[in-house]
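The values are calculated or read from the model by the stated rules, or taken from the named source; none is laboratory data. The structure presented is a predicted model; accordingly, all values stated were derived computationally and were not measured. Remember, those area values only see protein heavy atoms, side chains included, never the ligands or the DNA or RNA. Shrake-Rupley method; radii C 1.70, N 1.55, O 1.52, S 1.80 Å.
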Amino acid sequence: MTLTLFAIGVYTAATGSGLACEAQWPLCSDQLIPALTINPDFIEWFHRVWAMVTGFLIIGVAGWAWLGRFDRRTRLAATLAVAILPVQITVGAITVTISGLVPGGYTVSTHAAHLIVALTIFTLLGLVTMWGGREDGPGGGSTRLLRIGVTVAVGGVVASAVFSRAVPLLTYSPGAQATFYVAGLAAHLGLVAAVVAASEGVDG
């Protein structure tokens, strides 16, 4: 859900739909739900709805981490993801200027902050998945995690290179931009997995 949210967010910005709702938040062009056709208002609104659902699921993951039999680090990562979620929501609202109340909200700096906080949440959720999914506890299945992490990282780097501006094979369209980010994020998560596996020691 979070990875898809990245893709939708990049697509929204690349199509110029970020300010399509007349700089309003949480309303969109004075409506709670705009016309359900593919237009800039709908793209921005859909991005917000997907973000809202993802946010509730992140809260659910944290609750699950505390109610289940997970170790301290898994619970901490899940809790931190929830703790910085309001920051992401606030920066997102500022990015579309909250009905124009924040001058210059749609700037490079707010976009960068929005991306950095989102990447932090994404990384924390990745750690929750890696740590919480280890049936044998810390260190269990490190060789497999290392192998998967390196494979995903290499595949992500190659895919992101293909969809980047540096390779003139494809038009750098909004869809290509979203794919570029997804591939790069996959590479990032693969590297995180490899670091986690290496730090725990490869099992024999």
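Distance between the C-alpha centers of the range 93-118 and the range 41-84? Whole Å please. Measuring centre to centre over Cα atoms gives 21 Å. By a 1.4 Å probe calculation restricted to protein chains, SER109 has an accessible surface near 80 Å², given to the nearest 10. Springs join every pair of Cα atoms under 10 Å in this Gaussian network model of the chain, and among LEU124, LEU19, LEU101 the largest mean-square fluctuation is at LEU101. The largest accessible area among VAL108, VAL128, VAL152 belongs to the first residue in VAL108, VAL152, VAL128, and the rest follow in falling order (1.4 Å probe, all chains). Accessible area per residue was computed with a 1.4 Å probe on protein heavy atoms; TYR181 scores about 80 Å².
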